[in-house]
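A.B. asks: Just dropping this structure here.
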Amino acid sequence: MAKKTAPAPSPLTFDLPVSLLNKMETQRKKLGLASTSEVVRYALGEFDLSKFRADTEERRQISVRLAAADKATLVKASKKQKVSLGEILRAALEALPEKKASDKKSPAKKGAAKKSKK
């Protein structure tokens, strides 16, 4: 009977904030581990997966239409800030309640005002 061999480790890619990467490096040195992979394996070994509860909100994907100039402005800003378009859009939407309606007219009202001037 042939021996069953364990599958070779495979890469897993995910993003982390720099602060957490710094913590990983500190822990790697303290624990005498050779790589970040070893830190992750160690952390998973110590972590109780049965007690994990995600604190993130359920998400849904949406599609919206933006003027080409608005989209180009967003793309330029995302490249400059080195963030995704989604991150900028979420920040803009989260800031909505902080703005007063009288501070800025909605795009629909601007368009309606232009049409009425004809």
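A.B. asks: Rounded to the nearest 0.05, what FRET efficiency do ALA43 and LEU66 give with R0 = 35 Å and r taken as the Cβ-Cβ distance? Could you check?
C.D. replies: Working from the Cβ atoms, E equals 0.30.
A.B. asks: So what J values fall out for segment 36-48 if you push phi through Karplus, 6.51 cos²θ - 1.76 cosθ + 1.60 with θ = phi - 60°, rounded to Hz, Gly and Pro as x?
C.D. replies: 5, 4, 5, 5, 5, 4, 4, 4, 5, x, 8, 8, 8
A.B. asks: For segment 1-82, what is the convex hull volume of the alpha-carbon atoms per residue, in Å³?
C.D. replies: Per-residue hull volume (Cα only) is 246 Å³.
Read-outs throughout are calculated quantities, based only on the coordinates presented, and are distinct from any laboratory measurement. Quantities reported herein were computed from a predicted structural model and do not represent experimental measurements. Glycine gets a Cβ as well: all are built from the backbone with ideal geometry, and neighbour counts include every protein chain shown.
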